Amino acid sequence: MEEIKRPSFPRAKNVLTIPERIGELFGITLATLVAAFFAFHQITSTGFMTADFGWPDSLLLYGSFAFSIMASGARAVIGRRDRARPIELASNVFLMIASIWFLATFPFNFTHLAEPAPAFLRFILSWISNGIGWGIILLSFIGSTVAALYNAARLILDWI
């Protein structure tokens, strides 16, 4: 007996599926928790943020989270990557600028990173030294640069 195949319709790559939209909401939740973790460090003066950490650093650190949340929120609400791309590009560029700033000034002391963490995370976070932290920021710069170039190219190609 011959099997009947259902026709398959290709999904537009710019349209997010329901699981992808839920994933964006998960990303928003995670970014909010990480931002709150850093805010707790700042408010309680754990020593993670050094005395050199000032208002420009706060603006760049929390602004990066805010832009990231806005980009994920736009994709989740609109349900299309192409329509959210300008916000995502702005988020990438903001993170690039913040990363360059933090690589140059490095107002952090990663030996204090694990202090306010829950017990199950303390061991993992305690292994992150200043050198590893600097490397993470460097990877953030590289990743945001590549993402910005990709999103800029896609934005231009969408307009052509």
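The values are calculated or read from the model by the stated rules, or taken from the named source; none is laboratory data. All values derive from a computational prediction rather than experimental measurement. Neighbour counts are summed over all protein chains in view; Cβ atoms, including those assigned to glycine, are modelled from backbone coordinates with ideal geometry.
Residues of segment 30-59 being among the acidic types (Asp, Glu) and either modelled with pLDDT under 95 or assigned to a helix (DSSP H, G or I) (or both), which ones? Before you say what the answer is, go through the steps one by one.
The first filter runs over segment 30-59 and keeps only residues among the acidic types (Asp, Glu), leaving 52, 57.
Scanning segment 30-59 gives a single hit, 57.
Which numbered condition trips up residue 4, out of (1) modelled with pLDDT of 95 or more; (2) farther than 16 Å from residue 102 by Cβ?
So the condition that residue 4 fails would be (1).
Within segment 39-53, is even one residue surrounded by 14 or more Cβ atoms within 10 Å (Cβ to Cβ), free of Cβ contacts under 8 Å to residues at least 40 places away in the same chain and more than 22 Å from residue 151 (Cα to Cα)?
yes
Go through the residues of segment 142-154 one by one and say whether even a single one is modelled with pLDDT under 95 and part of a helix (DSSP H, G or I).
Scanning segment 142-154 turns up at least one residue that is modelled with pLDDT under 95 and part of a helix (DSSP H, G or I).
Taking segment 62-115 as the region of interest, how many residues are within 16 Å of residue 150 (Cβ to Cβ) and of a type in the set (D, E, K, R)?
Result for segment 62-115: 5.
Among the candidates 98, 114, 104, 153, which residue alone is small (Gly, Ala, Ser) and under 15 Å from the mean Cα position of the chain (by Cα)? Spell out how you get there, then give the answer.
Values: 114 fails: under 15 Å from the mean Cα position of the chain (by Cα); 104 fails: under 15 Å from the mean Cα position of the chain (by Cα); 153 fails: under 15 Å from the mean Cα position of the chain (by Cα).
Result: 98 is the single residue among 98, 114, 104, 153 that is small (Gly, Ala, Ser) and under 15 Å from the mean Cα position of the chain (by Cα).
Can you name every residue in segment 101-131 that is within 21 Å of residue 64 (Cα to Cα) and surrounded by fewer than 12 Cβ atoms within 10 Å (Cβ to Cβ)?
Correct list: 104 only.
Please go through segment 67-108 and pick out each residue that is of a type in the set (Gly, Ala, Ser) and touching a residue at least 12 places away in the same chain (Cβ under 8 Å).
Applying the first criterion (of a type in the set (Gly, Ala, Ser)) to segment 67-108 yields 68, 71-74, 76, 79, 84, 90-91, 98-99, 104.
If the condition is that a residue be of a type in the set (Gly, Ala, Ser) and touching a residue at least 12 places away in the same chain (Cβ under 8 Å), then 68, 71, 72, 73, 74, 76, 79, 84, 90, 91, 98, 99 are the ones that fit.
Among the residues of segment 20-77 satisfying the criterion of being within 11 Å of the chain's Cα centre (by Cα) and β-branched (Val, Ile, Thr), which is farthest from residue 105 (Cα to Cα)?
Among those that are within 11 Å of the chain's Cα centre (by Cα) and β-branched (Val, Ile, Thr), it is 28.
Within segment 105-130, can you find the residues that are within 24 Å of residue 55 (Cα to Cα) and part of a helix (DSSP H, G or I)?
Those that are within 24 Å of residue 55 (Cα to Cα) and part of a helix (DSSP H, G or I): 105, 110, 111, 112, 130.
Anything in segment 80-108 that is touching a strand residue (DSSP E or B) at 6+ places or on another chain (Cβ under 7 Å) and at pLDDT below 95? List them, or say none. Full working, then the answer.
The first filter runs over segment 80-108 and keeps only residues touching a strand residue (DSSP E or B) at 6+ places or on another chain (Cβ under 7 Å), leaving 80, 107-108.
Result: 80, single match.
Within the set of pairs 6+ apart or on separate chains, which have a first residue in segment 5-27 that is under 17 Å from residue 82 (Cα atoms), a second that is modelled with pLDDT of 95 or more and basic (Lys, Arg), and C-beta atoms under 7 Å apart?
Hits for this filter: 16/75; 24/75.
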